[in-house]
1. Filter region 89-131 down to residues that are closer than 21 Å to GLN268 by Cβ and basic (Lys, Arg) and give me whichever is modelled with the lowest pLDDT.
2. Would you confirm whether any residue within region 141-151 is more than 29 Å from VAL206 (Cβ to Cβ), in a loop (DSSP other than H, G, I, E, B) and modelled with pLDDT under 85?
3. Scan region 197-228 for residues that are part of a helix (DSSP H, G or I) and hydrophobic (A, V, I, L, M, F, W, C) and jot them down.
4. Restricting the search to region 194-211, which residues are under 21 Å from ASP169 (Cβ atoms) and touching a helix residue (DSSP H, G or I) at 6+ places or on another chain (Cβ under 7 Å)?
5. Would you check if VAL206 is over 21 Å from the mean Cα position of the chain (by Cα) and within 24 Å of THR149 (Cα to Cα)?
6. Spot the failing condition for PRO259; the list is (1) touching a residue at least 12 places away in the same chain (Cβ under 8 Å); (2) out of contact with any Phe, Trp or Tyr (no Cβ under 8 Å at 6 or more places or on another chain); (3) under 25 Å from ALA215 (Cβ atoms), and only one is missed.
7. Looking at region 272-283, can you tell me whether even one residue there is part of a loop (DSSP other than H, G, I, E, B), among the basic types (Lys, Arg) and outside the structural domain of ARG221 (by TED's automatic domain parsing)?
8. Before we move on, is LEU194 surrounded by 14 or more Cβ atoms within 10 Å (Cβ to Cβ), part of a helix (DSSP H, G or I) and in contact with a Cys (Cβ under 7 Å, 6 or more places away or on another chain)?
Amino acid sequence: MVKGPTVYDVAKRAGVSIATVSTAFTQPHRVRDSTRDSVLEAARALGYVPSASARGLAKGRTGALGLFSFDYLNLLPEAEENDDEDVSEANGDCRMFPIWVDEVQRGVELECFRRGYALMLGGGNKASGERAVTDIAGRVDGLIVFARTIPAEVSRRISARIPVVELSDPSGDSGLHRVTIDNASGIGHLMEHLIGFHKFRKFMFVTIPNAETQARYNAFRTALHAHGLDVPPPLEGHPGANAVTSGLIADLLASGSLPDCFVCANDQEALVVMDTLKAAGIRVPHQVAVTGFDDIAAGRLARPSLTTIRQPMEMIGRTAVRILADALTDPRSAPVERQLPVRLIVRESCGCGAEGN
């Protein structure tokens, strides 16, 4: 085997130290432009590619972070039965991509790029999740996980070796770093708009049960109590099971007990509710209003456009990377929690500016 060029060869050709060559690749912002250009020109001329594994052995680090996520498109039957087909064709209405998880991932990618980290992505179902995430954890310096994608005890076990950041409210005190959003404030502002401005009095809450959506329902319930209004039990669907949510709304239609407004725990459920109402000849928002939570692209494209709570999805991802970077600098630091603000986005589905629909 022919030996390739080394860092020593690049340093000699560029007339700098091997430390400067290393810094030019790993922390380019710390090197003068002219020096960095000389190093890169020498590397190109020699055909030199820096070895991440070698740097890792020297520093005890890989220079990579991991993100364990999920993708609704992978849950489609087409994804399993037709590996060679482009299943994204089933996503013409942007209902499955991009959703909030994808925008969070983009934030992770952007911050990793800015800080010079490589990023390893992974995901899995309940059967393969533990094996997949431990495989990733063994190759990275820190890990970001979406809540409930893997068992809590697996996250805790991994966190004994590398820092772990959990996204969204966990089901209990996980002892992990985490990034959350202000669910209570978001729903509170939404309810003040619906009750105070629109004068709605009868509500239904549509949800997919988990710790995050439970926090949203709690805020919904608090707002109704504060105004002396009846608090209905939530209508509970299932992740990715649109037919379940459609059935719940169809039952309400059959019983003649529609509310003034459906408050949905996420945009995807809200869009299913609007579809079901439209199919039954119920006009949104003229007869029934509908609201969501997240502000995914599909809600902006829907007609009527969806009133919702915007969570700062890109910033969630960026913040998680920043927490990991700090934890790697100070491994003894206590678990950190960052709560990010959300924002009410008023569009047509609540009745604002929807006269022509």
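The values are calculated or read from the model by the stated rules, or taken from the named source; none is laboratory data. In this text, all values refer to a predicted model and were calculated from it rather than measured experimentally. Backbone-built Cβ (ideal geometry, glycine too); neighbour counts: all protein chains shown.
1. Once the filter is applied, the top-ranked residue is LYS126.
2. Checking region 141-151: not a single residue is more than 29 Å from VAL206 (Cβ to Cβ), in a loop (DSSP other than H, G, I, E, B) and modelled with pLDDT under 85.
3. PHE197, ALA211, ALA215, ALA219, PHE220, ALA223, LEU224, ALA226
4. Of all residues in region 194-211, those under 21 Å from ASP169 (Cβ atoms) come to 205-211.
Once the filter is applied, which keeps residues that are under 21 Å from ASP169 (Cβ atoms) and touching a helix residue (DSSP H, G or I) at 6+ places or on another chain (Cβ under 7 Å), region 194-211 yields PHE205, VAL206, THR207, ILE208.
5. Values: over 21 Å from the mean Cα position of the chain (by Cα): no; within 24 Å of THR149 (Cα to Cα): yes.
So VAL206 does not fit the description; no.
6. Status for PRO259: all satisfied but (2).
7. Within region 272-283 (the criterion being part of a loop (DSSP other than H, G, I, E, B), among the basic types (Lys, Arg) and outside the structural domain of ARG221 (by TED's automatic domain parsing)), the answer is no, since none of the residues qualifies.
8. Taking the combined requirement at face value, the residue satisfies it.
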